Amino acid sequence: MKGSDPTPADPGDELLLDELLLDWALGLLPAAEAEALEARLAADPALAARADALRAEQAVLGEALGAGEADPALEARLVAGLRAAPPLPVERAFRWRRWVAAAAGVLIAALAGARMLDRREPPRQQLIGHLRLSELKAMSDDEETP
Amino acid sequence: MTARIRDEDLALRAADGDRGAFEELVRRHGRDVWALCRRTLGDPQEADDVAQEALLKAWRGLSGYRPEGRLRSWLLRIAQRASIDALRARKAWTPLPEAGPLDPARPPLALDEREALGAAVDRLNPRLRAVLHARYALGLSGPEIAELLDMTPANVRVCLHRAIHELRGRLT
């Protein structure tokens with residue numbers, strides 16, 4: 001059909017041309033074939049009128065079939081149905097992992113806290129140690145005193 | 001302003017068990033899933049059940065989803081298969097009947113036939129309905145329709161032509 005006479009004579013050719021035009025209107029023609037056809041349309045007003053009618057038909061189909069049925073509750077209904085389904089093994093594992101992660105967090109926080117307290121301990125212990133040493137020294141001084 | 005999380009990232013979270021992430025995907029694409037079921041099955045009530053079943057299948061099968069593919073297409077393929085299974089169960093998924101001769105003399109569909117088109121489409125063979133829906137409601141290209149419906153691009157072309165010719169025959 002590429003570059004041939006735009007006005008076929010017999011019904012078979014007419015049918016082929018109709019299919020070609022429909023392919024074009026549907027956007028199914030490869031770019032090179034679409035360009036060749038558009039060149040023919042530019043030169044043949046009768047063919048261009050047929051092509052326009054097919055393009056208008058596409059718009060009608062798009063308008064009639066493209067609009068979804070208006071049901072504002074649809075998404076909510078689908079989500080509710082999903083929520084009603086029993087939990088999946090992967091979901092149970094996910095929950096379990098979340099608990100483990102939370103427990104690990106608490107444990108790490110507790111360890112960090114204990115470590116901080118531990119770091120504060122040496123001065124106290126040192127003080128106690130010093131006091132004990134002073135006590136011992138005092139006692140030994142007392143013993144040495146006649 | 002918060003950036004919208006990509007479908008594919010939500011899918012990965014959902015695959016890890018995050019039901020909230022999957023619910024967000026349902027909010028984004030549930031309407032398309034339902035509409036495909038509705039058009040293929042021809043019955044809104046059955047579409048509710050089959051769309052729900054398809055979404056549950058998707059939720060259960062998320063471990064098989066590969067992020068390189070578009071999530072919407074993946075969900076729609078699951079919905080399409082679920083619809084075909086439902087049609088097979090009631091023995092309504094039949095092969096396309098032999099094509100009659102195309103009549104190029106029939107005029108293209110016009111604007112005043114828009115109202116009657118929906119009902120006329122519902123009386124077509126389910127395969128033709130699915131192809132029309134993929135083309136006009138989902139706005140898919142020929143190769144995308146072929147991928148969604150497990151057809152060859154040549155079959156998609158034949159189905160689109162036949163569907164349009166049948167509609168012209170019924171309405172004009």
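No lab work stands behind these numbers, since they all come straight from the coordinates. Predicted model, so just to flag it, every value in this text is computed and none were measured. We place every Cβ from the backbone using ideal geometry, glycine too, and count neighbours over all the protein chains shown.
Do any trypsin sites (Lys or Arg not before Pro) in region B:21-84 lie in a DSSP loop with no more than 16 other beta carbon atoms within 10 Å, and if so, which?
For trypsin sites (Lys or Arg not before Pro) across region B:21-84 that sit outside H, G, I, E and B with at most 16 neighbouring Cβ atoms in 10 Å, the list reads B:70.
So what is the calculated 222 nm ellipticity per residue for chain B, using -39500 (n - 2.57) for each DSSP H run with n of 4 or more, over all residues, to the nearest 500 deg cm²/dmol?
-21000 deg cm²/dmol
Can you give the FRET efficiency to the nearest 0.05 for residue A:43 and residue B:94, using r as the Cβ-Cβ distance and R₀ = 45 Å?
The computed FRET efficiency comes out at 0.50.
With point charges of +1 on the Cβ of Lys and Arg and -1 on the Cβ of Asp and Glu, referenced to the Cα centre of chain B, which listed residue (B:36, B:142, B:59) lies farthest in the positive direction of the dipole?
B:142
Partner chain Cβ atoms within 10 Å, averaged over the residues of B:19-31 - can you pull that number for me?
The per-residue average across the peptide is 4.
Under the definition of partner shielding as Cβ atoms of other protein chains within 10 Å of a residue Cβ, what is the mean value for peptide A:79-86?
5
Counting alpha carbon pairs within less than 8 Å and at least 6 residues apart, what relative contact order, in whole percent, applies to chain B?
Answer for chain B is 22 percent.
Once the other residues with Cβ under 13 Å from the Cβ of residue B:12 are scored (Lys, Arg +1; Asp, Glu -1), what is the net sum?
Every neighbour counted, the sum reads -4.
Ordered by packing density, taken as the mean number of other Cβ atoms within 10 Å over each peptide's residues, highest first, how do B:159-167, A:100-108, B:16-24, A:73-81 rank?
In descending order of packing, they fall as B:159-167, B:16-24, A:73-81, A:100-108.
Calculate the FRET efficiency for residue B:6 and residue A:84 from the Cβ-Cβ distance with a Förster distance of 22 Å, rounded to the nearest 0.05.
The calculated FRET efficiency here is 0.20.
Just to confirm the filter: which chymotrypsin sites (Phe, Trp or Tyr not before Pro) across region B:45-135 are DSSP coil and have at most 16 other Cβ within 10 angstrom of their Cβ?
Within region B:45-135, the qualifying chymotrypsin sites (Phe, Trp or Tyr not before Pro) (loop, at most 16 other Cβ atoms within 10 Å) are B:93.
Could you check the simple spin-label distance between residue A:114 and residue B:115, using points 7 Å along Cα→Cβ, in nm with one decimal?
Simple spin-label model gives 8.0 nm for this pair.
So which residue, out of B:71, B:36, B:111, gets the largest mean-square fluctuation from a GNM of chain B using Cα contacts under 10 Å as springs?
Of B:71, B:36, B:111, the Gaussian network model singles out B:111 as fluctuating most.
With contacts defined as alpha carbon pairs under 8 Å and 6 or more residues apart, what's the relative contact order of region B:104-172 in percent?
46
Average partner chain C-beta neighbours within 10 Å, per residue of B:139-146?
Counting Cβ atoms of other protein chains within 10 Å of each residue's Cβ and averaging gives 1.
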